[in-house]
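Here the structure comes first, spelled out in structure tokens, and everything after it is commentary.
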Amino acid sequence: MQIYQLFNRLNNRKSTKLLTQTVALGVGAIVLLSSTNANAAEQVVLKYGSFQGQISVQELSQFTETGKTTPTLTAYLQAAQQDPAIARKALKAPIKADPAFLNSLLSSWAGPILVDQIGEVVHPPTGQLDQQALRSALSASIKQNGEVTLLGAIQNYPNTSVELEGDRLISVYKRLSNLAELL
């Protein structure tokens with residue numbers, strides 16, 4: 001109540017109107033900036049069978065977008081005996097469609113199937129798939145790019161860390177590619 005009274009007094013004075021507008025703008029900016037990917041994944045735990053290593057989402061994104069690997073990622077891919085080109089293709093292969101259609105697909109009977117498919121590869125480090133968290137990540141990816149990708153699911157996953165099952169990456173990629181052809 002005291003803040004309200006203070007703002008009323010400030011609004012009554014013409015010279016302080018600018019101050020209240022500035023405060024309102026500042027509060028709006030804080031809300032906007034704090035709501036954008038504040039809880040998005042920052043670390044990826046790569047798993048290939050019994051092999052496990054950690055990289056940043058930024059490293060994985062750079063690799064997927066440019067093909068350039070960091071020494072750490074190169075070592076992980078070599079240790080897991082994975083072809084970088086195939087892994088890159090699987091991470092960035094999109095299911096493209098109208099964003100409204102993709103969001104309605106997530107809400108339809110097919111949504112849990114799609115989420116389960118992607119959840120075989122991308123999930124929290126506990127190993128237990130959180131359908132709602134992954135659905136949220138996929139929806140955020142659709143809003144940003146108008147498509148669903150495994151990288152988008154990783155980048156938008158609402159947890160600081162996410163696990164990537166590398167040994168399942170190619171098989172899930174193939175299933176998603178088949179689904180994309182049907183759309």
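The values are calculated or read from the model by the stated rules, or taken from the named source; none is laboratory data. What you are looking at is a predicted structure, and each value in this text was computed from that prediction instead of being measured. For neighbour counting, all protein chains shown are included, and Cβ atoms are generated from backbone atoms with ideal geometry for every residue, glycine included. For the accessible areas, the whole protein counts, side chains as well, though only heavy atoms, and no ligand, DNA or RNA atoms are used. Shrake-Rupley method; radii C 1.70, N 1.55, O 1.52, S 1.80 Å.
Of all the C-alpha pairs in the stretch 109-183, what % are more than 18 Å from each other? Value for the stretch 109-183: 32 percent of Cα pairs lie more than 18 Å apart.
Take the Cα of A110, step 7 Å toward its Cβ, do the same at D98, and the gap between the two points is 1.4 nm. Subtracting the Cα-Cα distance of I86 and T74 from their residue separation scaled by 0.36 nm leaves 3.0 nm. With protein chains left intact and a 1.4 Å probe, residues in the stretch 28-183 average 52 Å² of accessible area per residue. Rounded, prolate or oblate, given the Cα gyration tensor of the stretch 51-146, with a/c below 1.5 counting as rounded? Because a/c hits 1.5 or more and a/b exceeds b/c, the stretch 51-146 counts as prolate. Report the residues of the stretch 144-168 in range of a label on T126: point 7 Å along Cα→C-beta, backbone N strictly under 16 Å from it. Answer for the stretch 144-168: 158-163.
Taking the inverse of the mean 1/r over every pair of distinct Cα atoms in the stretch 51-95 gives a Kirkwood hydrodynamic radius of 10.7 Å.
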